[in-house]
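The values are calculated or read from the model by the stated rules, or taken from the named source; none is laboratory data. Note that the structure is a prediction, hence the values are computed from the model and not measured. Ideal geometry is used to build each Cβ from the backbone, glycine not excepted, and the neighbour counts take in all protein chains shown. Ligands, DNA and RNA are excluded from the accessible area calculation, which covers all protein heavy atoms including side chains. Shrake-Rupley method; radii C 1.70, N 1.55, O 1.52, S 1.80 Å.
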Amino acid sequence: QFFVFCHGLLQLSQLLVSGYLKSSISTIERRYGLSSQTSGLLASFNEVGNTLLIVFISYFGSRVHRPRFIGCGAILVSLAGFLMSLPHFITGPYKYDQSVASMFSNTTDLCQPGVPGSQGNLSDAGCTPHAARENHEVLLILFIAQALLGIGGVPIQPFGISYIDDFASERNSPLYLGILFSVTIIGPGVGFMLGSAMLRFYVDIDKVTGDEVQLTNKDPRWVGAWWLGFLVAASLVAISAVPYFFFPKEMPKEVDFPLVLLRNLRHPVYLLVVLAQVNLSAMVAGLATFMGKFLERQFSLTASLANMIIGAVNIPGAMVGIVVGGAILKRFQMSLRQCSAMCILGMFLCLLVAFPLLFLGCPTQKVAGVTYRESLEYGRTGLECNLQCNCPEKAYNPICGSNAVEYISPCSAGCRVVNINADNSVLNYTNCSCISENGLVGFAKPGTCGTGCSHLFLPFVVLSCLAGILASTSHTPSFMLILRSIQPEDKSFAVGIQFMLLRVLAWMPGPVLYGSAIDTTCILWEKKCDKKAACRYYDNNLFRQR
């Protein structure tokens with residue numbers, strides 16, 4: 001029971017690291033100009049290190065001191081977590097387009113007739129050999145850290161599950177594994193909650209004072225302190241690793257590696273259940289990585305609030321499903337046939353509940369020159385009302401006009417005056433030649449207009465949570481199908497093969513495929529050194545459907 005407690009704590013901490021990455025992925029995209037495909041590859045890259053070793057490590061699980069291997073893996077995971085935060089400390093301060101001169105730059109992105117079109121702007125300032133090299137270094141460090149995270153995680157689940165099942169009674173094993181899986185699910189949930197808390201702080205909280213920051217966390221240019229959470233999570237993993245060096249060892253009978261591999265892969269129940277888990281896991285991998293981003297774009301939420309919803313509603317819902325599934329198994333002492341029937345029922349009900357989610361979402365807001373064109377004001381080259389403004393092409397400082405149309409910068413709306421609050425934040429923009437209301441020149445407020453369908457948000461959250469509960473009821477029964485259908489001495493190895501197949505066929509390709517699909521719905525890309533960087537606007541309907 002103490003081992004179950006320790007293993008639950010360790011898996012919670014380990015998944016806190018990977019869950020936190022997923023909670024801050026849209027922020028890291030914005031900070032370093034990454035596409036969703038690149039960030040999806042980054043999110044799944046920990047599976048590369050894991051996949052290379054998991055089958056062999058699991059096979060030798062019958063020979064080695066399992067708890068000590070778990071402890072060593074945890075130390076490696078902790079080091080990877082600290083390495084993930086390193087890019088923040090080796091790069092300069094975050095720079096963004098702004099309308100008010102600051103300590104970083106005296107350039108602005110207001111409409112300035114008579115100023116040459118090459119007027120300075122921070123969007124163009126980042127294209128130097130040093131900046132490009134810095135970005136490559138950041139990506140290299142993040143990918144190495146993810147690979148180490150995967151390698152460190154290799155012994156944790158297979159050794160832990162087989163160790164528990166070896167020493168628990170057949171009656172209690174489903175309950176212990178159900179508790180373990182549900183505690184494991186809390187890890188990503190706490191990761192998203194941690195993300196919600198940390199992303200409220202400005203990214204350079206350690207480099208600049210609060211007075212120098214002109215952004216609020218509602219601004220689409222806001223970048224939160226993504227690196228802070230990795231320091232917290234890595235410290236927790238290091239603490240959780242300590243007890244494993246004091247547990248006893250156990251040694252089952254030895255069998256040849258190829259025979260055991262062939263015996264497991266030829267077992268029809270084992271193979272079919274693992275392939276079913278692969279399909280479900282591929283979906284979970286994609287959603288875990290991009291659900292936060294999806295909520296941000298569809299319902300105009302801040303990154304902090306989106307993470308709060310996932311961490312406080314969706315993930316606890318999945319945990320409830322796992323606990324209920326384990327409790328039903330224990331209460332009715334189900335046979336393997338009944339376990340498979342329970343899995344099928346859970347999945348079928350999940351599909352029914354999830355189907356309406358295709359239709360619950362918002363269209364893209366009106367963005368001048370991107371999703372919205374007004375015939376009187378537009379010529380072939382874009383907005384005629386701002387032609388005299390000489391706007392920098394790459395400026396991104398969204399404002400919402402009094403006509404409910406969004407503009408990508410004050411300059412593109414033809415705004416010539418910015419009004420400042422006492423705290424040096426922007427109050428509004430006036431004298432905007434492209435914004436007209438009843439024949440009068442309009443004004444604009446800083447920030448995005450939003451998608452304006454917040455009434456659909458609650459039904460979306462309720463249905464997605466319910467779908468997650470129903471799907472999760474199959475988690476423990478499916479594991480019981482695997483553990484009870486194979487020979488007892490093959491357990492550690494069979495669980496290792498299972499996790500290897502899940503990684504190769506689901507966790508590695510899942511986020512990359514989702515990221516690539518999301519990239520196809522982008523309608524305006526940020527450009528860095530004439531190359532695509534992060535996406536600024538998506539076609540929300542396509543994003544939701546794909």
Only listed residue being touching a Pro at 6+ places or on another chain (Cβ under 9 Å) and crowded, with 18+ Cβ neighbours inside 10 Å, chosen from P174, P155, P188:
P174
Check whether at least one residue in segment 448-470 is farther than 26 Å from F294 by Cα, open to solvent by less than 20 Å² (accessible area, probe 1.4 Å) and either at pLDDT 85 or above or not aliphatic (A, V, I, L, M) (or both), and report yes or no.
no
Among the residues listed as S58, S39, S78, the single one being over 30 Å from D530 (Cα atoms) and out of contact with any Ser or Thr (no Cβ under 6 Å at 6 or more places or on another chain):
S78
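Here is a yes/no grid of residues against (1) touching a residue at least 24 places away in the same chain (Cβ under 8 Å); (2) open to solvent by 30 Å² or more (accessible area, probe 1.4 Å):
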position: F5; (1), (2): no, yes
position: I28; (1), (2): yes, no
position: L41; (1), (2): yes, yes
position: L53; (1), (2): yes, yes
position: F69; (1), (2): yes, yes
Of all residues in segment 168-185, which are part of a helix (DSSP H, G or I) and either under 21 Å from S335 (Cα atoms) or of a type outside the set (S, T, N, Q) (or both)?
S173, P174, L175, Y176, L177, G178, I179, L180, F181, V183, I185
Run L16 past the list (1) within 17 Å of the chain's Cα centre (by Cα); (2) open to solvent by 10 Å² or more (accessible area, probe 1.4 Å) and report the number of the one that doesn't hold.
(2)
Residues of segment 425-447 satisfying the condition of being within 33 Å of the chain's Cα centre (by Cα) and either touching a residue at least 60 places away in the same chain (Cβ under 8 Å) or buried (at least 24 other Cβ atoms within 10 Å of the Cβ) (or both)
S425, V426, A444, P446, G447
Positions within segment 510-546 being surrounded by fewer than 20 Cβ atoms within 10 Å (Cβ to Cβ) and part of a helix (DSSP H, G or I), in sequence order
L513, S516, A517, D519, N541, L542, Q545
The one condition L301 fails out of (1) more than 25 Å from W226 (Cα to Cα); (2) not in a helix (DSSP H, G or I) is (1)
Can you name the residue in segment 168-221 that is in contact with a Lys or Arg (Cβ under 8 Å, 6 or more places away or on another chain) and aliphatic (A, V, I, L, M) and, of all such residues, is farthest from E406 (Cα to Cα)?
L175
